[in-house]
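Participant: Before we start, here is the structure in question, set down as structure tokens.
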Amino acid sequence: MLRIQGPQNNRPLCSGLTRRDALQIGGIGAAGLTLPQLLRADEASGQSRQKSIIMIYLCGGPPHQDMYDIKTAAPKEIRGEFQPISTSVPGIEVCEHLPGIARNMHRVSVIRSMVGARDAHYSYQCMTGYHDQNAAAGGWPHFGSVISHAAGPSRPGTPPFVSLCYRTKHRPYNEPGPGFLGLGHSSFAPKGPGRDDLILQGITTDRLDQRRNLLSAFDQFRRDCDASGRMEGMDVFTDRAMGILTSPELFNALDVSQEPEEIRKRYGAQDETKPRGDAAPMCPQNFLVARRLVEAGARVVTVNYSFWDWHGNNFKTGRTELPIFDRGIAALIEDLHERGLQDDVTVVAWGEFGRTPKINKNAGRDHWPRVCATLLAGGGMNNGQIIGTTDRLGGEADSRPVSFQEVFATIYHNLQINPDRERMFDFRGVPRTFLEQGVQPIQELVG
């Protein structure tokens, strides 16, 4: 098995390798083994690279027909003000205010025919694959909690599921919890005052171990008295908290000042103290934080981004906000490719529904759950394509309707996990699955 990893105290080169590592690699090359041969040997050994997902939730429902599905032949009251532009894939066009996505279209896929949404401003379906109506007892788990349960942490100092989502004024925009999987599979959420608790301030690891032993004694007593299963979840959470406190990886990943200025400028930055509407701030710099987190070992990173409920001034707002989003998402896609992560990290950007084909009297578009669009990238998928079509007004899926569940099946496929490999039960003892029966990954992307 190929391991390019040196001791902690050996001074690294700029690439992150130590001189000893470089010499060892050079010696291997001198022996007649090429890098492709080494990588094939590593793959044949059964070892695989960590797979991750970055999900970007666009609170409020972005206007699909003003981003990825412009209807040039539609009547004036539907057509909109934006022009389409060509992309790096011949025959595919996107909005003129998305030049970064256009430049990277060969690395991106767009589903124009997402169906099954509700007229409800909530993140629930984007985060669980289900609606909250008739939910499982305890609630459907967040998909990050599902992956935490199925795969666990990849490194002791980094939680498997990290949420960069801000708390929003409109509460349903906030992420659902771990549901019937229990507290141990909650997200680690560093946004807010808890970030200062990521480091040990004047406490040695020996002293921390003593505190942990005392805590374990109390937990054992409480566990004997609690048959609900909640204590086991708390034990998992405590183990992960200890890993975070005794490792600098997570704290360093959150510190984007360690990133070269050129990279930070590529993503752009906005004021994270100023929420947009009743949703999240417009902060493309969190796309960079997400990339740093998956490199530090996080399997799932979620980001909520801005406020897309544009009932009025749709086009004025779009001229301002679309270029900022485009710059950040294009930087993320390009960054992942430059770092060789394009097959290991899946990117999904979507909202809870689409917008009305007809422009209202306030130059805006209203809620439209009948069809919406999703942007995907990376994940080793067959990118550079459009999946599904809508009618000439952009109001109905007229070919290849795609469900939210199919997107989640694709995510689990890309992360190489089977979330339903074991039988799970909700809080009432009802057997549950994380995917509906018969749902398969999107074959256009993974076939």
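The values are calculated or read from the model by the stated rules, or taken from the named source; none is laboratory data. On a predicted model such as this, the values are computed, not experimentally measured, just so you know. Every residue, glycine as well, gets a Cβ built from its backbone with ideal geometry; the counts of neighbours run over all protein chains shown.
To keep it simple, each residue is scored yes or no on (1) of a type in the set (A, V, I, L, M, F, W, C); (2) more than 19 Å from Arg49 (Cα to Cα).
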{"position": "Ala269", "(1), (2)": "yes, yes"}
{"position": "Trp310", "(1), (2)": "yes, yes"}
{"position": "Thr320", "(1), (2)": "no, yes"}
{"position": "Gln342", "(1), (2)": "no, no"}
{"position": "Val348", "(1), (2)": "yes, yes"}
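Participant: Answer yes if at least one residue in segment 396-417 is surrounded by fewer than 19 Cβ atoms within 10 Å (Cβ to Cβ), assigned to a strand (DSSP E or B) and more than 24 Å from the chain's Cα centre (by Cα), and no otherwise.
Facilitator: yes
Participant: Separate question: When only residues in segment 382-391 that are assigned to a loop (DSSP other than H, G, I, E, B) and touching an Asp or Glu at 6+ places or on another chain (Cβ under 9 Å) count, which is nearest to Trp350 (Cα to Cα)?
Facilitator: Among those that are assigned to a loop (DSSP other than H, G, I, E, B) and touching an Asp or Glu at 6+ places or on another chain (Cβ under 9 Å), it is Gly388.
Participant: Do you know which residues across segment 128-167 are assigned to a strand (DSSP E or B) and of a type in the set (Gly, Ala, Ser)?
Facilitator: Correct list: Ser163 only.
Participant: Which one of Thr317, Thr302, Thr346 is more than 16 Å from Leu58 (Cβ to Cβ) and hydroxyl-bearing (Ser, Thr, Tyr)?
Facilitator: Residue meeting the stated conditions: Thr346.
Participant: What's the number of the condition Tyr130 fails, among (1) more than 18 Å from the chain's Cα centre (by Cα); (2) surrounded by 18 or more Cβ atoms within 10 Å (Cβ to Cβ); (3) under 21 Å from His170 (Cβ atoms)?
Facilitator: Against the list (1) more than 18 Å from the chain's Cα centre (by Cα); (2) surrounded by 18 or more Cβ atoms within 10 Å (Cβ to Cβ); (3) under 21 Å from His170 (Cβ atoms), Tyr130 comes up short only on (1).
Participant: Confirm whether Arg118 is more than 30 Å from Asn252 (Cα to Cα) and in contact (Cβ under 8 Å) with a residue 40 or more places away in the chain.
Facilitator: Here the answer is yes, as Arg118 does meet what is asked.
Participant: Looking at (1) polar (S, T, N, Q); (2) closer than 19 Å to Ala279 by Cα; (3) assigned to a loop (DSSP other than H, G, I, E, B), find the lone condition where Gln125 falls short.
Facilitator: For Gln125, the failing item is (3).
Participant: Right, here's the next one. Residues in segment 334-345: is at least one in contact with a helix residue (DSSP H, G or I) (Cβ under 8 Å, 6 or more places away or on another chain), part of a loop (DSSP other than H, G, I, E, B) and polar (S, T, N, Q)?
Facilitator: yes
Participant: Quick check: anything in segment 373-385 assigned by TED's automatic domain parsing to the domain that holds Val115, crowded, with 21+ Cβ neighbours inside 10 Å, under 18 Å from Asp119 (Cα atoms) and out of contact with any Pro (no Cβ under 7 Å at 6 or more places or on another chain)? Walk me through how you get there before you give the answer.
Facilitator: Applying the first criterion (assigned by TED's automatic domain parsing to the domain that holds Val115) to segment 373-385 yields 373-385.
Narrowing further to those that are crowded, with 21+ Cβ neighbours inside 10 Å: 373-379, 381.
Next cut, under 18 Å from Asp119 (Cα atoms) only: 373-374.
Now narrow it down to the ones that are out of contact with any Pro (no Cβ under 7 Å at 6 or more places or on another chain): 373-374.
Yes, segment 373-385 has at least one match.
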